[in-house]
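For reference, the structure is listed below as structure tokens.
The values are calculated or read from the model by the stated rules, or taken from the named source; none is laboratory data. In this text, all values refer to a predicted model and were calculated from it rather than measured experimentally. Positions of Cβ are generated from backbone atoms using ideal geometry, with glycine treated the same way; all protein chains shown enter the neighbour counts. These accessible areas exclude ligands, DNA and RNA; they are computed on the full protein's heavy atoms, side chains included. Shrake-Rupley method; radii C 1.70, N 1.55, O 1.52, S 1.80 Å.
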Amino acid sequence: MRRRGALGPLTALACAGGLLAGCTPASPPAASPSTGAGCPAPSSTVRPTVDDAATRDRISGVLDAFARRAWNPTAPAVRPSRQPGGLYINYDPAFDGASSADTETNINTDGRSDDQAGKSPRHDPLADLAVLRDLDAAAAAGIRTSATERLRCRLQPVTAAEFTSYGPARGSVYLELADLSQLDPRGPWREEAHRFAATLATTFSDPPTLGGTGDKPQIRPDWVAASAEALVDAGTRFATPAWAGLGEQLAVALVTKAANPATGLFPSELEVDAARAVTVTDPLVRVGAEAQLLDALLAVADRTGNAQVRAAVAAGLAAVESPATGLVDTRHGGWFFAVGSDGTGLRTAYKETRSAWMVPLLQHAARRGLPIPAGAPARAERLVRDSMYLASSKGYVYRLAPDWTAYRDPKLVPPVAEDWVSSEATAIAVDVMLGDLSSES
């Protein structure tokens with residue numbers, strides 16, 4: 001199973017601006033976590049297959065450089081955990097992993113670090129989870145260095161504490177935990193995946209509401225789609241057929257209520273009222289989030305045979321790839337940041353590394369016989385490996401200019417090159433390059 005969910009769209013940018021509540025620290029912190037000494041290698045029952053030498057080299061080089069710089073031993077604990085430590089949100093290419101951390105890590109979009117801006121330090125547990133999953137998967141594929149093993153061992157106890165009895169309805173977290181339960185069966189991951197699936201079943205017990213309540217009517221369609229996939233998977237994994245049925249009902253409700261009737265695209269945010277009527281509150285369609293949403297729905301269609309859900313995926317993917325929406329950059333390749341769900345208001349100023357999620361969606365669509373441009377999956381794979389990689393930073397940054405150079409926000413005077421290596425972007429790119437997990441023979 002591939003992780004299709006992920007970090008929220010713009011998590012890195014929201015954290016960079018200090019806007020994401022999930023990045024706020026808990027207080028007071030506990031004792032420092034283990035340095036990883038004596039950490040056993042995972043006895044994985046699945047592994048990715050990475051046959052292409054250039055891709056293996058890219059994964060190895062990126063993860064090794066990242067592992068030498070990204071660990072923050074003083075990262076504040078994030079509720080409910082009380083254990084400090086984790087990954088920096090991002091770091092400057094000049095950062096050596098030790099000195100000048102106050103000015104060269106956790107950099108905001110104006111180019112100033114948290115310390116320089118007088119802000120509290122930040123920490124995103126979702127990045128910890130995603131990177132740990134990637135490190136375990138890479139190790140299972142034989143891609144490891146002393147630095148990546150050290151980071152893996154440091155992250156294990158921190159991440160386990162962060163995702164004990166996890167609550168927010170992000171189905172992507174379940175998918176990460178389920179992957180980890182196979183990559184590291186001795187860890188707590190299967191138990192936590194089971195527990196979280198039960199939480200999702202409660203949250204989405206009335207599918208037509210899409211999980212909205214009177215107190216919290218706001219809905220993220222990409223989270224709902226990932227939760228539908230999670231419930232369908234958990235129904236089989238944990239022998240609870242009712243969960244699978246609930247996941248299918250949730251997917252049907254989502255495609256019925258949320259897809260734009262003209263384009264088939266899903267907006268970023270909705271509200272559901274007491275009568276279960278839906279109002280679009282943010283019509284923006286971010287390519288990365290849309291790819292994750294469609295890939296999750298296609299997984300539901302695969303497992304349940306639901307033709308309505310499959311047709312909705314085909315329509316949404318066709319709209320993303322259509323010249324009418326303009327999301328595909330025909331000059332430099334890849335996809336621009338976003339467009340309105342009605343197909344208007346194209347935003348071309350930059351591209352997000354999160355659009356790398358188009359790779360597994362295109363691969364999945366090709367396997368299931370959905371119409372896609374000839375050769376699209378292979379082109380997208382090369383684009384993630386070569387074009388999205390910022391050589392001057394030796395890694396992956398959160399957003400790039402349309403020509404794949406460092407993005408400079410024109411609203412800043414003078415503009416600042418956003419060349420900071422992002423933990424979230426690294427996790428996404430490595431996940432995509434590793435590809436699907438398959439059972440060991």
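Annotations
Matching residues to (1) under 18 Å from residue 131 (Cβ atoms); (2) in contact with a helix residue (DSSP H, G or I) (Cβ under 7 Å, 6 or more places away or on another chain); (3) without any contact (Cβ under 8 Å) to a residue 60 or more places away in the chain; (4) of a type in the set (Phe, Trp, Tyr):
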residue: 42; (1), (2), (3), (4): yes, yes, no, no
residue: 53; (1), (2), (3), (4): no, no, yes, no
residue: 60; (1), (2), (3), (4): yes, no, no, no
residue: 63; (1), (2), (3), (4): yes, yes, no, no
residue: 67; (1), (2), (3), (4): yes, yes, no, no
residue: 74; (1), (2), (3), (4): yes, no, yes, no
residue: 80; (1), (2), (3), (4): no, no, no, no
residue: 92; (1), (2), (3), (4): no, yes, no, no
residue: 97; (1), (2), (3), (4): yes, no, yes, no
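The rows are residues; the columns are (1) of a type in the set (S, T, N, Q); (2) assigned to a loop (DSSP other than H, G, I, E, B).
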{"site": "127", "(1), (2)": "no, no"}
{"site": "151", "(1), (2)": "no, no"}
{"site": "158", "(1), (2)": "no, no"}
{"site": "165", "(1), (2)": "yes, yes"}
{"site": "168", "(1), (2)": "no, yes"}
{"site": "174", "(1), (2)": "no, no"}
{"site": "180", "(1), (2)": "no, no"}
{"site": "186", "(1), (2)": "no, yes"}
{"site": "194", "(1), (2)": "no, no"}
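- Here residue 382 does not qualify as modelled with pLDDT of 95 or more, closer than 18 Å to residue 296 by Cα and open to solvent by 30 Å² or more (accessible area, probe 1.4 Å).
Let's see how each residue does on (1) in contact with a helix residue (DSSP H, G or I) (Cβ under 6 Å, 6 or more places away or on another chain); (2) open to solvent by less than 20 Å² (accessible area, probe 1.4 Å); (3) touching a residue at least 40 places away in the same chain (Cβ under 8 Å):
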| position | (1), (2), (3) |
| --- | --- |
| 390 | no, yes, no |
| 400 | no, yes, yes |
| 404 | yes, no, yes |
| 412 | no, no, yes |
| 416 | no, no, yes |
| 420 | no, no, yes |
| 426 | yes, yes, yes |
| 429 | yes, yes, yes |
| 436 | no, no, yes |
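- Lone qualifier among 386, 403 - being in a loop (DSSP other than H, G, I, E, B) and over 17 Å from the mean Cα position of the chain (by Cα): 403
- Boolean, residue 318 is over 27 Å from residue 400 (Cα atoms) and open to solvent by 10 Å² or more (accessible area, probe 1.4 Å): no
- If you go through region 120-177 and keep only what is at pLDDT below 95, over 22 Å from residue 196 (Cα atoms) and open to solvent by 40 Å² or more (accessible area, probe 1.4 Å), you end up with 120, 121.
- Residue in region 339-361 that is farther than 18 Å from residue 433 by Cβ and surrounded by 24 or more Cβ atoms within 10 Å (Cβ to Cβ) present: yes
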